[in-house]
Structures are given as structure tokens and as C-alpha cells.
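Quick notes on the structure that follows.
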Amino acid sequence: MAMLARCGYTVIDIDTAAAGLRGEVALPVRPVVLTFDDGYVDFLEHAAPVLKAHGYPAVVYAVAGMLGGTSAWVTPEGIESAPLMSAAQLREVRAMGFTVGSHTVSHPRLAQLNTRQITEETTISKRILEDALGGSVDHFCYPYGNHDIRAVNAVAEAGYVTATTCVRAIATPPDDLLSLPRKPVSQGNSSLGVLWKLLTKNTPRTTPIRRV
């Protein structure tokens with residue numbers, strides 16, 4: 001996080017980013033949005049204090065049907081599951097100034113579901129989180145980055161403002177706000193490795209999935 005400041009990046013929240021991509025506000029030089037998938041407890045324990053110390057906003061995408069549980073979807077991959085934040089912990093995260101978004105109800109690969117299931121995963125997760133948080137949930141993240149035009153349309157119909165993918169590119173004004181690219185940061189990446197990712201592959205993607 002200190003590296004971002006030293007290298008001239010400005011961390012902004014996702015609502016500001018969306019407004020900037022729509023041309024409604026001027027974005028700073030080298031803007032960055034920090035996103036955290038799944039809603040793990042370790043975000044609250046380890047990431048949140050560091051982010052608060054730097055004054056950085058972030059968005060956390062929670063799996064609405066598994067609040068207070070574990071990341072059971074990783075077990076078939078031979079990965080040990082980890083605890084997820086409860087509704088109370090998500091409210092604490094939101095009270096700290098962070099944004100909470102939806103990551104579906106059960107963390108499926110949306111493009112592998114039928115259209116009815118996709119609609120349920122996007123709409124029900126929004127409702128669960130809004131009930132738990134007592135406020136609107138405007139942002140969505142496709143699990144595994146897996147999505148197709150049906151998923152993008154379902155997210156639009158559910159009323160989300162943005163949705164993020166795992167396409168490795170920078171977000172630009174021509175991008176659909178409901179299929180935004182990101183740059184992944186994985187366990188074991190050094191600060192130099194993160195900087196390298198920020199500096200490379202900065203050409204806009206050529207074949208985004210757009211809603212119809």
C-alpha cells in the first residue's frame with residue numbers, strides 16, 4: 001500500500017471510479033480501485049487496519065449465502081477453506097468506510113448455470129446483503145470472473161452500478177461498467193510484482209462482453 005503512494009497512484013472508491021468512467025467527474029492521475037473478493041475474515045483482521053492507516057477505500061465482495069461460514073467452494077480444488085465474515089462483521093466493515101458488494105449467493109461459475117439460476121444468484125444475493133447491511137448494494141463481482149452475456153444482462157436487471165471480471169486490463173470509458181476488467185494480486189506477490197502488474201498490459205481489451 002505504501003508503494004502505491006510512493007509511485008504516484010491515487011486509491012479511489014469504486015463509486016468515484018464509475019463516475020469518472022462515465023465522464024461525470026475528473027479522475028486523478030493513476031487512479032486505482034482496490035477490490036477484495038469473497039469477504040474473508042482476514043480482510044477485517046489484516047487488510048482493513050492497513051487500508052485505514054493509509055486512508056484507502058476498498059470494496060469487499062461478499063458471498064451472500066455463506067455469511068459467517070467458510071469458503072467451501074475451494075474444497076474440491078484441494079484448497080483448505082477459510083472463514084468468511086458474518087453479517088455483523090460486514091456491517092463493521094461498512095461502518096469503517098469500505099464498500100460491500102455482492103459476489104452471488106453461492107459462488108458458482110455463472111456462465112455454467114441456466115438463465116433462471118443466474119437471475120437468482122444476482123438478485124437474491126443483492127437482497128440478502130441489503131437486508132443484512134441496512135443499505136443499498138450497488139456493486140457486483142463475477143465469481144472466478146466467469147460470465148457471459150446472460151450474466152451481464154442479469155446484473156443490469158438487478159440494478160447494480162458496476163460489475164468486475166477477471167479480465168486482465170485497465171478499465172477505460174468505452175468499457176461497459178458491468179464487465180469491468182481488473183488486475184489480479186495473488187498470495188505471494190511482492191510489492192514490486194504488484195507494481196509490474198500495474199505498469200504492464202495497459203492496453204484496453206478488444207472484445208468485451210457487452211449487455212444487450
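Values as computed for the structure displayed
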| quantity | calculated |
| --- | --- |
| Backbone HN-Hα couplings from phi across region 115-132 [Karplus 6.51/-1.76/1.60, Hz, Gly and Pro as x] | 4, 4, 5, 4, 4, 5, 5, 7, 7, 5, 4, 4, 5, 4, 5, 5, 5, 5 |
| Top positive-direction residue, dipole computed over the chain with Cβ charges, set THR122, HIS46, ALA111 | ALA111 |
| Residue among VAL25, THR162, THR70 farthest towards the positive dipole end of the chain, charges placed on Cβ | VAL25 |
| Dipole magnitude (debye, nearest 20) for region 2-199, charges at Cβ of Lys, Arg, Asp, Glu | 460 |
| Spatial separation of Cα centroids for region 20-69 and region 112-127, in angstrom | 23 |
| Qualifying lysines (Cα of each under 30 Å from Cα of LYS197; at least 8 residues distant if same chain) | LYS52, LYS183 |
| Net dipole in debye of region 63-174 [+1 Lys, Arg Cβ; -1 Asp, Glu Cβ; about Cα centre; nearest 20] | 120 |
| Gyration tensor verdict on the chain (Cα atoms; rounded if a/c is under 1.5, prolate if a/b is larger than b/c, oblate otherwise) | rounded |
| Cα gyration tensor, region 71-147 - rounded (a/c under 1.5), prolate or oblate | oblate |
| Amide proton proximity set for SER71, modelled H, under 5 Å, gap of 5+ | ALA82, LEU84 |
| Sequence-distant residues sharing a close amide H with SER179 (under 5 Å, placed H) | ALA163 |
| Distant-in-sequence amide H partners of THR10 (H built 1.01 Å from N, under 5 Å) | VAL32 |
| Where GluC sites (Glu not before Pro) fall in DSSP loop in region 50-158, at most 10 other Cβ within 10 Å | GLU80 |
| Aspartates and glutamates with Cα under 14 Å of LYS126, excluding same-chain neighbours fewer than 8 positions away | ASP138, GLU157 |
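Laboratory data are not the source of any read-out in this text; all were calculated from the coordinates shown. All figures in this text were calculated on a predicted structure; none of them were measured in a lab. Neighbour counts run over all protein chains shown; Cβ positions are idealised from the backbone, glycine included.
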